[in-house]
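One structure is given below, encoded as structure tokens.
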Amino acid sequence: MQRILVIDDDELSREILIMLLDSDGYATTAAASGDEALADLVPTDIILTDMQMPGLCGDPLGERLRVVYGPHVRLIAMSGSEVPPHKRAHYDGFLLKPFSVADLEALLAHKCAAAQHTETVALDKTTYASLRTAMTHRQVIEMFDFCLADAQKRLSRMAEAVATSDDALYRREAHTIKGGCGMLGALELRELAGKMETQGLAGDGSEIDNIRSRFTDATVRLRRILETTI
């Protein structure tokens, strides 16, 4: 039985949704706000949260939920009005109210399939196999840890470059990240770093933040794959 946490400040909407989910076989819990969900953690597989609530909400809430509940929980945003993708970058999916349980299940099925596809291209298994001929799995992990730690330092420099409008520095750091990730077969990270290098500071702030968030999410996926790869 899948567990689902519903976060919504509208009591009526929250209770109706819980009744529908319970009748469809889900084990549901509820929180009246994002702050409540973060303060009182519950075991869950899926989090379905409204995007417009008092207190912490929207993409900042998604970011905190991802940190606190971990990479394996499915984060689904919902709202009575459309929310642009860059304002829900930390969520796995979005549902426009009103929606049915069937709509939710269709979204989850689609996102699970997409996640499985993403995992097949996140790590080049041929490159990993080549590395494993020369070192242990633990040593390979250490190499990836070094690469990802270096990438995080460079992302911090890129954030400084954004603040100072230093396009050359931004592209240079992205190019270095792309090279390091490419050598280890971190394909998704290499692709995203390549996009950052190509785009530079030409896009608006939301586009830059969005691709950085995607890089962070891809890092989490890569670590998950490496943890289960023998």
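General remarks:
- Filtered residue count, the stretch 113-123, keeping only those that are modelled with pLDDT of 50 or more and surrounded by 12 or more Cβ atoms within 10 Å (Cβ to Cβ): 2
- The condition of being modelled with pLDDT under 85 and either more than 18 Å from ASP217 (Cα to Cα) or open to solvent by 60 Å² or more (accessible area, probe 1.4 Å) (or both) holds for only one of ALA31, ALA109, that being ALA109.
- Of all residues in the stretch 49-71, those satisfying the criterion of being closer than 19 Å to ASP217 by Cβ, buried (at least 16 other Cβ atoms within 10 Å of the Cβ) and among the hydrophobic types (A, V, I, L, M, F, W, C) are MET51, LEU61, LEU65.
- Checked across the stretch 40-47, the condition of being modelled with pLDDT of 90 or more, open to solvent by less than 70 Å² (accessible area, probe 1.4 Å), on the phi > 0 side of the Ramachandran plot and not charged (D, E, K, R) holds for no residue.
- The helices (runs of 4 or more DSSP H) found wholly in the stretch 138-230 and carrying at least 2 residues that are modelled with pLDDT of 90 or more and more than 28 Å from LYS125 (Cα to Cα) occupy 167-184.
- So ARG74, is it open to solvent by less than 60 Å² (accessible area, probe 1.4 Å), more than 21 Å from ASP204 (Cβ to Cβ) and at pLDDT 85 or above: yes
- A single entry from ALA89, ALA174, ALA159, ALA151 fulfils the requirement of being surrounded by 12 or more Cβ atoms within 10 Å (Cβ to Cβ) and closer than 30 Å to ILE18 by Cβ: ALA89.
The values are calculated or read from the model by the stated rules, or taken from the named source; none is laboratory data. Given the structure is predicted, the values throughout are model-derived calculations rather than measurements. Neighbour counts are summed over all protein chains in view; Cβ atoms, including those assigned to glycine, are modelled from backbone coordinates with ideal geometry. Surface areas here come from the heavy atoms of the whole protein model, side chains and all, with no ligands, DNA or RNA. Shrake-Rupley method; radii C 1.70, N 1.55, O 1.52, S 1.80 Å.
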